[in-house]
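Data block below; observations after.
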Amino acid sequence: MMWIELWVNGSERVAEVRPDETLLELLRDGLGLRGAKNACSEGECGACTVLLDGVPIDACIYAAPACAGRAVTTVEGLAHADGELTPLQRAFVDTGAVQCGFCTPGFLLTLHALLAENPTPTEEEVRRAMVGNICRCTGYAHILDAVAQVAGVKE
Amino acid sequence: MPAAVEFRSVRSTEEAVASLSEHGSDACVIAGGTDVMMQYARHELSPAVFVHIEGIKELTNAQRDGSLRLGALVTHRHLADDPVIRTGHPALAEAAATVGGWQTQGVGTLGGNLCNASPAADTAPPLLVADATVELCGPRGIRRVPLEEFFLGRRHVDRRPEELLTGVEAAPLGPRQAEVYLKVGRRGGMVVAVAGLAARLSFDEQGVIAAARLAVCSVGPTPLRVRPAEEALLGLCPSGRMTDDGYTALEEAIAALSGAVSPIDDVRSSAAYRRAVLPRLLRRSVEVCRAAVRAGISQDDLS
Ligand SMILES: Cc1cc2nc3c(=O)[nH]c(=O)nc-3n(C[C@H](O)[C@H](O)[C@H](O)COP(=O)(O)OP(=O)(O)OC[C@H]3O[C@@H](n4cnc5c(N)ncnc54)[C@H](O)[C@@H]3O)c2cc1C
């Protein structure tokens, strides 16, 4: 086992990890943050997407010890401390972009990263950004609607 | 039960080489880990120590002075988005943009893609047609190897256990030259190539192919430059959208390409399909390069 220090959702955390532990194991089992979901374990589905220094990654195939000194954002870190949702989260609720909800945290993090670097993406840009996130309920239409609602997506 | 693995993060090339020299083939370099973590989970790797290199800042740069120099830690997102790479190396930028999803591209590195040496490594064909050389740093200094000679077999490269791949150097597009990477998969995104082909073609004033580079992936144990097909393309004059006659003129190159590859049946495709799709990729690559050079020339005329 080894100790690492990292920033999680803005707070400094000290965690004991196995050298071969994944970031997803650390978040869910070590830190009790269950927002990032464990599904394919192979980086194919995006349900475990979190941000590492602002970049979306699949936590299921990223080494926990590689996060030492770096900043991780999970879905728990998006809303304000008082529970107020981000505009994108609000739009997900309003447009029905959440059905079973399993993929939702991953989509939110990918799309927050997209909007941070490109606040007015084209629909094509939104689709491309979401290529690594799978949703089996919505057919993606409502997710695109949600982004359009907050970002004034260009045609 | 296997001995516990160790995880060591290094900050410099020297530190990485020292670690690799100490542990030899018991060490496993880990960059973005998008290949390593999965291979480890599948018990295909059992290193004594992971040497984690993402903290080596000097390997994250892409620089262009004459040729393009890419640090081993340049990510696929960087390759896909950097304007200098998009203009000087459009095929490489296109290839990187097709590697997995954003989550793969944000941490997956060029060095990892080349060292992993998958038959389907998407960055390999565009770099092969750019006459790329890889730079390896070991305890006795730097060794440069043409990319074509670096791939020895499936997941097998010409890297000694104590060496770190530090960078790649590639020639940018010249005047009247164009390149393209065409990738065939089952859907538009998140696919490993069923077959991939990169072409870099130079045209003379009359629109005749004066120099050609062709490379393929997913149709043999390693990505491969196909010199006999390159030679067959010389002197060809593809005009506009090619007619059946134009296609006939390509037959020799197609035959040479077919003779050079050794596709297999696997979960992604059949060998027969791979053989069937390659000639179409070659034809399309010639059309695309011809059109790009024409468009470039008319742009020059306007400016
Ligand atoms: C969901 C998913 C989809 C993918 N899709 C594609 C695809 O479409 N096309 C494609 O080509 N690949 C694909 N990949 C594979 C992978 O993402 C790429 O090969 C990536 O570029 C590997 O880079 P990395 O930094 O993650 O490498 P790592 O996993 O860290 O390392 C890969 C290998 O290279 C070695 N290595 C890494 N860096 C160095 C170095 N500097 N010096 C010496 N050795 C080194 C490691 O020891 C290991 O053997 C996919 C992966 C996933 C998870």
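The values are calculated or read from the model by the stated rules, or taken from the named source; none is laboratory data. Not measured: the values here are computed from a predicted model. Heads up, the Cβs are rebuilt from the backbone with ideal geometry, glycines too, and the neighbour counts pull from every protein chain shown.
Tabulated results
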item: Residue match in segment B:138-158 (condition: farther than 18 Å from residue B:226 by Cβ and in contact with a Gly (Cβ under 8 Å, 6 or more places away or on another chain)); result: no
item: Unique match (being surrounded by fewer than 20 Cβ atoms within 10 Å (Cβ to Cβ) and either closer than 25 Å to residue B:160 by Cβ or at pLDDT 95 or above (or both)) among B:119, B:83; result: B:83
item: Checking residue A:105 against (1) touching a helix residue (DSSP H, G or I) at 6+ places or on another chain (Cβ under 6 Å); (2) assigned by TED's automatic domain parsing to the domain that holds residue A:13, the condition it does not meet; result: (2)
item: Failed item, numbered, when residue B:236 is tested on (1) in a loop (DSSP other than H, G, I, E, B); (2) modelled with pLDDT of 95 or more; (3) touching a Leu at 6+ places or on another chain (Cβ under 9 Å); result: (2)
item: Positions within segment B:205-233 being among the polar types (S, T, N, Q) and at pLDDT 90 or above, in sequence order; result: B:218, B:222
item: Lone qualifier among A:43, A:10, A:69, A:77 - being among the small types (Gly, Ala, Ser) and under 12 Å from the mean Cα position of the chain (by Cα); result: A:77
item: Hits in segment B:127-149 (condition: closer than 30 Å to residue B:209 by Cβ and in contact with a Lys or Arg (Cβ under 8 Å, 6 or more places away or on another chain)); result: B:128, B:129, B:130, B:131, B:133, B:134, B:148
item: Residue within segment B:8-31 that is within 30 Å of residue B:173 (Cβ to Cβ), among the β-branched types (Val, Ile, Thr) and within 13 Å of chain A (Cβ to nearest Cβ) present; result: no
item: Restricting segment A:15-42 to residues that are within 10 Å of another protein chain (Cβ to nearest Cβ) and free of Cβ contacts under 8 Å to residues at least 24 places away in the same chain, the residue that is surrounded by the fewest Cβ atoms within 10 Å (Cβ to Cβ); result: A:42
item: Flag for residue A:97 being aliphatic (A, V, I, L, M) and in contact with a His (Cβ under 6 Å, 6 or more places away or on another chain); result: yes
item: Any hit, segment B:26-44, residues being on the phi > 0 side of the Ramachandran plot and surrounded by 16 or more Cβ atoms within 10 Å (Cβ to Cβ); result: yes
item: Checking residue B:41 against (1) over 21 Å from the mean Cα position of the chain (by Cα); (2) of a type outside the set (D, E, K, R); (3) farther than 19 Å from residue B:164 by Cβ; (4) away from the ligand (no atom under 13 Å from the Cβ), the condition it does not meet; result: (4)
item: In segment B:50-99, residue nearest to the other protein chains (Cβ to nearest Cβ) [restricted to those that are assigned to a loop (DSSP other than H, G, I, E, B) and more than 12 Å from the ligand (Cβ to nearest atom)]; result: B:55
item: Residue in segment B:133-146 that is within 14 Å of another protein chain (Cβ to nearest Cβ), buried (at least 18 other Cβ atoms within 10 Å of the Cβ), part of a strand (DSSP E or B) and within 14 Å of the ligand (Cβ to nearest atom) present; result: no
item: Residue check, residue B:36 closer than 27 Å to residue B:161 by Cα, within 13 Å of the ligand (Cβ to nearest atom), of a type outside the set (Phe, Trp, Tyr) and over 22 Å from the mean Cα position of the chain (by Cα); result: no
item: Matching residues, segment A:53-63, being farther than 11 Å from residue B:34 by Cβ and facing chain B (nearest Cβ under 7 Å); result: A:55, A:56
item: 2 or more residues within 16 Å of the ligand (Cβ to nearest atom) and either closer than 22 Å to residue B:91 by Cα or within 14 Å of chain A (Cβ to nearest Cβ) (or both): qualifying strands (runs of 3 or more DSSP E) within segment B:149-207; result: B:164-170, B:177-184, B:195-203
item: Identity of the residue in segment B:154-195, touching a Pro at 6+ places or on another chain (Cβ under 7 Å) and closer than 27 Å to residue B:54 by Cβ, that ends up surrounded by the most Cβ atoms within 10 Å (Cβ to Cβ); result: B:181
